[in-house]
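The values are calculated or read from the model by the stated rules, or taken from the named source; none is laboratory data. Model, not experiment: these values are computed from the prediction. So basically every Cβ, Gly included, is an ideal-geometry build from the backbone, and we count neighbours across all protein chains shown. Each accessible area value is taken on the protein alone, full model and side chains, heavy atoms only, with ligands, DNA and RNA left out. Shrake-Rupley method; radii C 1.70, N 1.55, O 1.52, S 1.80 Å.
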2 protein chains.
Amino acid sequence: MSSLSREIEKYLKTLLENAHNGVIEVQRSTLSGFFECVPSQINYVLSTRFTPAHGYIVETRRGGGGYVRIIRLNINSNNKLKILFDEIIGSELTQNQSEGLLEYLRKEDYLTRREAILLKNITSENVLAGSLPKNMDTLRAQILQSILATILREDI
Amino acid sequence: MSSLSREIEKYLKTLLENAHNGVIEVQRSTLSGFFECVPSQINYVLSTRFTPAHGYIVETRRGGGGYVRIIRLNINSNNKLKILFDEIIGSELTQNQSEGLLEYLRKEDYLTRREAILLKNITSENVLAGSLPKNMDTLRAQILQSILATILREDI
DNA sequence: TATTCAATGGTCAAGTATGGTCAGAAAAGA
DNA sequence: TCTTTTCTGACCATACTTGACCATTGAATA
């Protein structure tokens with residue numbers, strides 16, 4: 001059972017796929033009308049799935065003729081990779097953010113599908129389990145275990 | 001008399017049999033409703049019968065539209081990996097050991113050269129730095145940093 | 001020009017829908 | 001009986017949805 005947010009996300013990403021320059025413009029009210037939800041639902045989707053960490057920038061404008069513009073970042077054109085790198089140094093990333101970033105790197109073909117899955121699993125809660133492991137060697141074992149499990153998967 | 005846990009286990013494994021790619025998705029609440037038990041019973045079954053050691057990976061998501069995804073591992077054809085896997089469970093690995101293991105996986109063509117490098121860097125002392133990071137989000141940032149650094153390398 | 005106001009979009013907190021954890025009770029097995 | 005496994009329920013964490021109220025913009029109007 002997919003959530004509304006996921007539907008809206010999918011819809012927007014389809015629009016972006018079909019846009020030649022990786023930019024789309026929509027109206028918040030129109031979108032929310034289409035999906036029969038409150039307008040702020042759109043904001044929720046944007047703020048959880050179209051952040052810079054996910055590889056997107058959102059620009060908006062209020063008032064008459066207002067709009068929501070979603071821009072998919074393209075690494076090649078503006079050295080985004082190095083910028084990302086700098087931004088991430090010394091920072092913290094939630095699972096959602098790191099997942100988004102890996103997905104982005106995948107989409108930009110900096111990672112293969114398998115690489116992305118490997119890395120996503122490693123940075124997931126299950127591996128970096130809720131509580132911090134006692135020491136680095138334990139953590140390493142958990143990571144290697146995750147790697148082996150991924151290699152063993154039938155569906156990739 | 002078969003226990004409820006065994007029933008649930010059997011049920012899930014039947015579903016997996018009928019799934020094409022060894023992956024199924026269920027909802028915890030639906031399942032517990034079906035078997036008329038408390039939701040946490042499902043967790044019990046998952047954690048006692050669908051662990052990586054048993055040949056399964058479980059991925060979950062909370063919140064609206066949440067799910068429990070069970071992925072069957074392909075252990076039949078890969079005895080060597082399975083043995084390795086069992087050895088690692090609950091153990092600890094020094095950097096040297098994990099590097100050796102990755103090297104082995106590379107040599108046996110379970111990993112590409114690039115994958116091996118990515119993973120080796122992640123499990124190196126520099127990333128999983130001597131002292132444990134303050135929290136998971138910090139650790140994730142360190143890992144992503146390492147990934148980006150590897151991607152940026154021109155020699156692979 | 002200054003003011004007003006309709007048309008947009010933004011924020012935030014509360015409510016709902018999932019799933020997770022853990023400790024102790026109950027049941028089963030040795 | 002003693003131990004292990006199973007079951008239960010109270011409490012927790014995360015993700016999604018909704019609605020009341022706020023802010024900005026541009027066009028119409030005074």
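Which residues, counting only those in region A:31-43, are in a loop (DSSP other than H, G, I, E, B) and either over 27 Å from B:Arg69 (Cβ atoms) or away from DNA strand C (no atom under 15 Å from the Cβ) (or both)? Matches in region A:31-43: A:Glu36, A:Val38. Output yes when any residue across region A:9-17 is surrounded by 14 or more Cβ atoms within 10 Å (Cβ to Cβ), among the charged types (D, E, K, R), within 14 Å of DNA strand C (Cβ to nearest atom) and in the same structural domain as A:Gly65 (by TED's automatic domain parsing), and no when none is. So far as region A:9-17 goes, no, none of its residues is surrounded by 14 or more Cβ atoms within 10 Å (Cβ to Cβ), among the charged types (D, E, K, R), within 14 Å of DNA strand C (Cβ to nearest atom) and in the same structural domain as A:Gly65 (by TED's automatic domain parsing).
Residues being farther than 28 Å from B:Ser146 by Cβ, of a type outside the set (Asp, Glu) and more than 12 Å from DNA strand D (Cβ to nearest atom) are entirely absent from region B:90-112. Checked across region A:20-30, the condition of being open to solvent by less than 60 Å² (accessible area, probe 1.4 Å), more than 9 Å from DNA strand D (Cβ to nearest atom) and in contact with a Leu (Cβ under 7 Å, 6 or more places away or on another chain) holds for at least one residue. Please give the number of the condition B:Phe35 fails out of (1) more than 16 Å from DNA strand D (Cβ to nearest atom); (2) surrounded by 12 or more Cβ atoms within 10 Å (Cβ to Cβ). B:Phe35 satisfies every listed condition except (1). Can you name the residue in region B:12-30 that is closer than 14 Å to B:Val45 by Cα, touching a residue at least 24 places away in the same chain (Cβ under 8 Å) and assigned to a helix (DSSP H, G or I) and is also nearest to the other protein chains (Cβ to nearest Cβ) among such residues? Across region B:12-30, the extreme among qualifying residues is B:Arg28.
Scanning for something facing another protein chain (nearest Cβ under 7 Å), open to solvent by 30 Å² or more (accessible area, probe 1.4 Å) and of a type in the set (Lys, Arg), does region B:80-101 turn up at least one residue? No, there is no match, as no residue in region B:80-101 is facing another protein chain (nearest Cβ under 7 Å), open to solvent by 30 Å² or more (accessible area, probe 1.4 Å) and of a type in the set (Lys, Arg).
Counting residues that are at pLDDT below 80, which helices (runs of 4 or more DSSP H) fully inside region A:44-156 reach at least 1?
Output list reads A:75-78, A:80-88, A:136-152.
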